[in-house]
Amino acid sequence: MENKKQDTASALKDIISHAKEYGFVFPSSEIYDGLQAVYDYGQNGVELKNNLKMVWWKAMTMLNDNVVGIDASIFMHPLTWKASGHVDSFNDPMIDNKDSKKRYRADTLLEDRAAQYEAEGQAEVGKALLQKMAKALDAGDLEAVRQIIIDENITCPVSNTANWTEVRQFNLMFSTQVGAVSEDASLIYLRPETAQGIFVNFLNVQKTGRMKVPFGIAQIGKAFRNEIVARNFIFRMREFEQMEMQFFVRPGTEMEWYAAWKEVRMKFHQAIGLPASKLKYHDHEKLAHYANAAVDIEYEFPFGFKEMEGIHSRTDFDLKAHQDLSRKKQQYFDPEINENYIPYVIETSVGADRLFLAILCNAYTEEIVGDGDQQKQRIYLNLHPAIAPIKVAVLPLVKKDGLAEKAQEINRSLKFAFNTTYDEGGAIGKRYTRQDLIGTPYCVVIDYQTMEDDTVTVRDRNTMSQERISIADLKEKLGYAVSMERIFEKLLV
């Protein structure tokens, strides 16, 4: 059995095609030719995504006694975004190529060039370029950013020219109106992040939950950004989902907690099946206005190492800003030191869609099986059993002689414990292939021996090996293998 490495140019294209063909991700409104950078999750995709959200949620709220969850609304008072800085400074630097009329993020062009230097073994040159860009952006010197692009001889991939416009700032928030009639309507925003819903509920949760610092508040929810350039499938979308946790700590202890959560979050990604060799930390050269430290956990997608999760030390910026604008105290009385203070915050923020894409890219496996003239290509999704959309497929060898009825009985006995599917159509080999392509870890086959001794064959997706198991043991053995406990065990080591 020989694993086949895809070249990076075609890898993403194959994954996108696979995602659509097997019910993971569809272009939104496809019958109307779609809507750019918006996607729908199909029947298998929604199960995988829900499993990822559930394992994240439980890892945060169930495994940590001092982390609880909320679900804040998408619409918030517009002053929320004034306090957070989004109204004034939630911008991306935008640049156009005059020949192709294509629009780009100026910082992305430079980040891609830095990544190119690193790939060529010139990591220090790439780092220096990022520092130069960060300095220009921090100073608000957009002409300097344009000059760096010109000095680096960066060209438009469509026109192959360096005929660039000036760099402009572009605010990413979507706005809408609330009110029964347009004359009385108020301008509000679709939230560009879920964090602020946590901050404005800090005291509500702290008081009603009698929480003691340090403690965290977790949330999963939709956010919306009017991205200048949305690309790379579901990696960058205008409507996306975030899984965030804000951890409130005593001032002066933030760097200790920052380091701790960095390790915890890296361990999580490895526990759900992402290999350490494809993960790395990337410290920010340019810090956001609210942060005193920031790092990304990057995954090696087919298009290179890119951010999947951010860990930020947000200081007391958010709570202090909301206190100043709302004139409502956002302070915590710490009985251990007999002092009132505004807590500092450590944020962990992972994109559910980016995590989904990383898991899908990592799981997509092509290999050559068989020998000599019998060789053929096999494709399967090597998903951790706990997050696979379907855990077990129940397959009668044939539909006659009572095998189908026996298989349906077994399927009914398993379906209340975990997600199963029943399939009796076509040759058994083709049914195995169908399950491999959507990542089902186990197939249970009911054959003539089953009718004699109440045993079934259990086939393993990855190895294709088969084991004879008593029907009475199925629920316990398979339930153990597909349980999220197998992930949590790795987190608690």
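The values are calculated or read from the model by the stated rules, or taken from the named source; none is laboratory data. Because the structure is a prediction, the values reported are computed rather than measured. Every residue, glycine among them, receives a Cβ derived from its backbone with ideal geometry; neighbour counts consider all protein chains shown. These area figures cover heavy atoms from the full protein model, side chains too; ligands, DNA and RNA do not enter into them. Shrake-Rupley method; radii C 1.70, N 1.55, O 1.52, S 1.80 Å.
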### Task
Calculate one ³J(HN,Hα) per residue across region 205-214 by plugging θ = phi - 60° into the Karplus curve 6.51 cos²θ - 1.76 cosθ + 1.60, and present them in order as whole Hz with x for glycine and proline.
5, 4, 6, 6, x, 6, 7, 10, 5, x
### Simple Cβ-charge dipole of the chain, Lys/Arg +1 and Asp/Glu -1, about Cα centre, in debye nearest 20
640 debye
### Most to least accessible of THR80, THR433 (protein chains only, probe 1.4 Å)
THR433, THR80
### Task
Mind listing the long-range amide H neighbours of PHE301? Cut-off is under 5 Å, sequence gap 5 or more, other chains count too, H placed in the peptide plane at 1.01 Å from N.
LYS306
### Message
Net charge around ILE390, counting only other residues with Cβ within less than 13 Å of its Cβ (Lys, Arg = +1; Asp, Glu = -1)?
### Response
+2
### Message
Is the C-alpha gyration tensor of region 27-171 telling us rounded, prolate or oblate? Criteria: a/c under 1.5 is rounded; beyond that, a/b larger than b/c is prolate, otherwise oblate.
### Response
prolate
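When the helix-only estimate is applied to the chain (DSSP H runs of n ≥ 4, each -39,500 (n - 2.57), divided by the residue count), what is the mean residue ellipticity at 222 nm, nearest 500 deg cm²/dmol?
Numbers: 17 runs with 183 residues, N = 493.
Value at 222 nm, helices only: -11000 deg cm²/dmol.
Which percent of the accessible heavy-atom area of region 223-291 goes to carbon and sulfur, probe 1.4 angstrom? If you can, show how the numbers build up before the last one.
Working: 1390 of 2830 Å².
Carbon and sulfur atoms account for 49 percent of the accessible area of region 223-291.
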### Query
Could you give the accessible area per residue of the chain, probe 1.4 Å, as a whole number in Å²?
48 Å²
### Query
Given the pairs LYS49/LYS222; LYS406/LYS475; LYS399/LYS477; LYS49/LYS391; LYS58/LYS280, which span a C-alpha to C-alpha distance of over 20 angstrom in this model?
LYS399/LYS477; LYS58/LYS280
### Query
What net charge do the residues around GLY69 carry, taking every other residue with its C-beta under 12 Å from that of GLY69, with Lys and Arg at +1 and Asp and Glu at -1?
0
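Please say if region 129-282 is rounded, prolate or oblate, where rounded means a/c under 1.5 for a ≥ b ≥ c the square roots of the C-alpha gyration tensor eigenvalues, and otherwise the choice is prolate for a/b larger than b/c and oblate otherwise? Working shown, then result.
Values: a/c = 1.94, a/b = 1.27, b/c = 1.52.
Taking the square roots of the gyration eigenvalues as a ≥ b ≥ c, region 129-282 is oblate.
Answer rounded, prolate or oblate for region 228-275, using the Cα gyration tensor with square roots of eigenvalues a ≥ b ≥ c: rounded when a/c is under 1.5, else prolate when a/b is larger than b/c, else oblate. Spell out each step's value before the answer.
Working: a/c = 3.12, a/b = 1.63, b/c = 1.91.
Because a/c hits 1.5 or more and a/b fails to exceed b/c, region 228-275 counts as oblate.
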## Note on the structure
Residues meeting the amide H criterion for TYR422 (H placed from the backbone, H to H distance under 5 Å, 5 or more places apart or on another chain) are VAL394
### Message
Quick check on packing: order 139-146, 111-118 by the mean number of other C-beta atoms within 10 Å, highest mean leading.
### Response
111-118, 139-146
## Note on the structure
Read-out volume of the Cα convex hull per residue in Å³, candidates (i) 226; (ii) 207; (iii) 142; calculated match is (ii)
### Mean-position separation - Cα centroids, region 5-74 and region 403-481, in angstrom
27 Å
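Note the full-extension length gain between SER483 and SER10 as 0.36 nm times their separation in residues minus their Cα-Cα distance, in nm to one decimal. Mind showing how you got there, number by number?
On the way: separation 473, 0.36 × 473 = 170.28 nm, distance 3.40 nm.
Once the chain is fully extended between SER483 and SER10, it gains 166.9 nm.
Assuming R0 = 45 Å, what is the FRET efficiency of LYS135 and ILE70, from their Cβ-Cβ distance, to the nearest 0.05?
Efficiency, from the Cβ-Cβ distance: 0.75.
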## Note on the structure
In whole percent, the fraction of accessible protein surface over region 108-157 that belongs to carbon or sulfur atoms, probe radius 1.4 Å, stands at 47 percent
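Going by average Cβ density within 10 Å per residue, which order do the peptides 50-62, 438-450 take, highest to lowest? All intermediate terms of the calculation are to be shown ahead of the outcome.
Details: 50-62: 18.2, 438-450: 22.2.
The most tightly packed comes first, giving 438-450, 50-62.
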### For region 297-306, Karplus couplings with θ = phi - 60° (6.51, -1.76, 1.60), whole Hz, Gly/Pro x
9, 9, 10, 7, 6, x, 9, x, 5, 9
